[in-house]
Amino acid sequence: MVAAAAIAPPAPAIGAASAPVIEIEDVTRVYHLGDVDVHALRGVSLRVERGESIAIMGASGSGKSTLMNLIGCLDRPTSGTYRLAGKDVSRLSASELARVRGERIGFVFQNFNLLARTSAVENVELPLLYAGVGGHERRTRAIAALEQVGLGSRLDHTPNQLSGGQQQRVAIARALVSQPEIVLADEPTGNLDSRTSVEVMAMMQALVAKGITVVLVTHEPDIAQYAARVLTLKDGKVVSDTRHEPVRAVLEPEVAS
Amino acid sequence: MSPWATIKVAIKALLRNKLRSLLTVLGIVIGVAAVIAMVAIGQGARNRVKGVFEAMGTNLLVVSPASQNTGGVRGGGGTASTLTFSDIDFIRNEASAVRWVAPQLQTKVQAAGDDQNWNTQVTGTTPEYFQIRSWAATSGQLFDDAADAGGAKVAVVGNTIVQQLYGGANPVGQTVRLGNVPFTIVGVLAVKGQSPMGQDYDDVIIIPSRTFRAKLQGGLGNFLRGSIYVSAVSADATALAESQVTEVLRAHHKLKDDEEDDFRVRNLAEFAEAQSQSTDTITTLLAAIAAVSLLVGGIGVMNIMLVSVVERTREIGIRMAVGARPIDLMVQFLAEALVLAALGGLIGLGVGALAASTLATKFGWAVVFPSDVAALAVLVSGGIGVTFGLYPAVKASRLDPITALRFEA
């Protein structure tokens, strides 16, 4: 197996003086379920600088998924503002949000969310397809992204021909192919064994090293410790926001492989 | 996304469910093929009817004597001798909507060639008759006005006569005896086939009317014992020609206003038109029934697209997450429906054409491949794709990315 070392060496972090990548101010999100109003977020504020890695933690129902959807521009806040790289995205239309997602955000999901019966390279090309990148460049960039995650030899494999770890690496390649500012990972190791989890987290740390902001949503403290900052939500509010030295994701040598 | 990229994505998506796509396409194929085959058959029938009437004569009116009424005993159509050869000139000179006019005198005679004989119809007429019936000579020539005026003993013969009397050999220059009178064959007529009643048009010998009267009717009296063939200047003018002929003949026959016509004008052009219209009606009916199957095919497309949108909810969510706008998804699903329908339309076109030509060769029908209807059918099937694909496509585009991503198939 190709280790995380295949990822390019750290690039210098992009201008720290520029606007924070994520700037959320007093955001609320209320869902109307029939007659009941569910307050998923009750006034959350958050600033994340470029190149930070942050884990959002919390029990189910704490509002962490809602916050992730907002950060990922999949949803809009009921009130409050969200500036993504200085641009207010809290009142954009569905089409405008789609464009922002395509240009600035890469997603990595727990269940990989690759298109079935579609080759790895075509899966990775998908964001570029909607960004209007031409066929030839699309293919070149998709191959480069797959090589970056160590899957250069499995371009034409479909998801069901790949292991879970490999599928997640395809998903990571897809997330970074459009050179986003944020990679949003929702329980990225939830369906993986511990060894593969470390592999995936090593890849995430490599992205951070390149200046990409990584937002990790998880309920596992083991996984959260790979991030430099841990935000904990409870009942739609931030209860703690701590910074520490992240644990480096290093693979122990495999025994008798 | 470029249109071509969109179509490619659509084709890829359809290929993931080959059997299902194929069956959906089949619905459209059957619809389009049915429309094309039905219209081809209908137009073939129309042309056949038209051809049959054109063989009778172009924009044809036939004037025949009315019944004889002697002391209350009415003799039936054609028994009176009220038409005269002068009537022909009156019609030619006074009815402006008439282009050609010619007498048709007929009798059955025993015709004898060198070693065969055959009972056939002899027609006595003037050269204009050949114009009226659009009848040309395939060999030799037709007789002219001079031959008619001079009472020449010349004859043109139909193909059946050539077969029966001369065993298929070219008879031009040969002598044929009609009764006891020898005629020189100057021409052979083009093959016309059968009349709507099954009468053989080619079983005929045509001779100049003057000769006919002198040699076969026994006299050159002015009374015309036969009928007058009239051709109107155009298909639209047949009704006008009919009333003009009636007016001219009533005036010259000195009929008072309360007297009945002593002749009868039959407008065969109108009859032909009525026949064409009835075949058109049947064609329309057949096409309408076929169009229903096309509609059913369209509903099949819609059904499959709806199923597809639900099944691929997760895929829609993924595409949205990576930057697809609602319009991109709408266009994608619309493109899939369009590809299904257009493919069905094109294949249906081929199948329809094949069915039409198979019917044509198998039954000897004159099937006409309707290129305009073919183009229309393909356009319509494309339109069906868009129409029936629109609702599923809009449904796909309105999905919420968060719910779509969480959807468990």
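The angle separating the long axis of helix B:3-15 from the principal Cα axis of greatest extent in chain B is about 80 degrees. Extension gain for B:K8 to B:L354 (0.36 nm times residue separation, less C-alpha to C-alpha distance): 121.6 nm.
Restricting to Cα atoms and excluding each atom paired with itself, what does the Kirkwood estimate give for chain B in Å?
One over the average 1/r among Cα pairs gives 26.3 Å for chain B.
Rounded to the nearest 20 debye, the dipole magnitude of chain B is 1720 debye, with +1 charges on Lys and Arg beta carbons, -1 on Asp and Glu beta carbons, and the Cα centre as origin. For the options A:T140, A:T213, A:T66, a Gaussian network treatment of chain A with springs between C-alpha atoms closer than 10 Å singles out A:T140 as fluctuating the most. In this label model, B:Q277 and B:F223 are separated by 3.9 nm, measuring between points 7 Å along each Cα→Cβ vector. From the cross-link list B:K108/B:K362; B:K108/B:K153; B:K153/B:K254, which pairs have alpha carbons spaced over 29 Å apart? Check vs 29 Å cut-off fails for B:K108/B:K362; B:K153/B:K254.
For a Förster distance of 35 Å, can you work out the FRET efficiency between the beta-carbons of A:Q179 and B:V310, rounded to the nearest 0.05?
Result of the calculation: an efficiency of 0.55.
Ordered from highest to lowest accessible area with the whole protein assembly present and a 1.4 Å probe, B:E247, A:E49 read as B:E247, A:E49. Expressed as a whole percent, the accessible surface of the protein assembly as shown that belongs to carbon and sulfur atoms is 56, based on a 1.4 Å probe.
Roughly what percent of Cα-Cα pairs across the stretch B:81-261 reach past 27 Å?
For the stretch B:81-261, the share of Cα pairs beyond 27 Å comes to 31 percent.
Length available on full extension from A:R243 to A:N160: 0.36 nm per residue minus the Cα-Cα distance, which gives 26.0 nm.
Relative to the longest principal axis of the Cα atoms of chain B, the long axis of helix B:326-363 makes an angle of roughly 30 degrees. If only the Cβ of Lys and Arg carry +1 and only the Cβ of Asp and Glu carry -1, the dipole of the protein assembly as shown around its Cα centre is close to 940 debye. Taking 0.36 nm per residue of sequence separation and removing the Cα-Cα distance, the B:L15/B:T403 pair yields an extension gain of 137.0 nm. Between B:V233 and A:Q110, the modelled label-to-label distance comes to 9.0 nm, taking each label 7 Å out from Cα in the direction of the beta carbon.
For each pair in B:K8/B:K395; A:K237/B:K395; A:K64/A:K87; A:K87/B:K12, compute the distance between the two Cα atoms and list the pairs where it is over 25 Å. The pairs that break the limit, which is 25 Å between Cα atoms, are A:K237/B:K395; A:K87/B:K12. Using heavy atoms of the protein chains and a probe of 1.4 Å, the accessible area assigned to B:T24 is about 10 Å². Taking label points 7 Å from Cα along the Cα-to-Cβ direction, B:A251 and B:Q194 give a separation of 4.4 nm. Checking every one of the trypsin sites (Lys or Arg not before Pro) in the stretch B:332-409 against DSSP loop status and a limit of 14 other Cβ atoms within 10 Å picks out B:R398. Across the stretch B:152-161, coupling constants 3J(HN,Hα) worked out from phi with the 6.51/-1.76/1.60 Karplus curve, θ = phi - 60°, read 5, 9, 10, 9, 10, 10, x, 4, 4, 5 Hz, and Gly and Pro carry x.
Just so you know, the Cα atoms of the protein assembly as shown work out to an Rg and Dmax of 44.6, 133 Å. Identify which of B:Q332, B:Q275, B:Q116 has the largest mean-square fluctuation in a Gaussian network model of chain B, with springs joining Cα atoms closer than 10 Å. Highest fluctuation of the listed residues: B:Q116. Close amide H partners of A:A55, meaning residues 5 or more places away or on another chain with modelled amide H under 5 Å apart, are A:L216, A:R229, A:V230, A:L231. Of all stretches in chain A that contain no trypsin sites (Lys or Arg not before Pro) in a DSSP loop with at most 11 other Cβ atoms within 10 Å, the longest one is A:92-247. Mean residue ellipticity, 222 nm, helices only, chain B: the sum of -39500 (n - 2.57) across DSSP H runs of n ≥ 4, divided by residue count and rounded to 500, is -18000 deg cm²/dmol. For the protein assembly as shown, the solvent-accessible area of protein heavy atoms averages 46 Å² per residue (probe radius 1.4 Å; ligands and nucleic acids excluded).
Leaving ligands and nucleic acids aside, the A/B contact buries around 2100 square angstrom of accessible area in total at a 1.4 Å probe radius. Kirkwood radius for chain A, taken over all pairs of different Cα atoms as the inverse mean of 1/r, rounds to 18.7 Å.
Note on A:D26: accessible area approximately 100 square angstrom, rounded to 10, probe 1.4 Å, nucleic acids and ligands left out.
The accessible-area ordering, largest first, of the residues B:I132, A:I212 stands as A:I212, B:I132, per a 1.4 angstrom probe. Charged side chains reduced to their Cβ positions (Lys and Arg at +1, Asp and Glu at -1) give chain A a dipole of some 440 debye around its Cα centre.
The values are calculated or read from the model by the stated rules, or taken from the named source; none is laboratory data. No experiment lies behind these values; they were computed from the predicted model shown. Backbone-built Cβ (ideal geometry, glycine too); neighbour counts: all protein chains shown. For the accessible areas, the whole protein counts, side chains as well, though only heavy atoms, and no ligand, DNA or RNA atoms are used. Shrake-Rupley method; radii C 1.70, N 1.55, O 1.52, S 1.80 Å.
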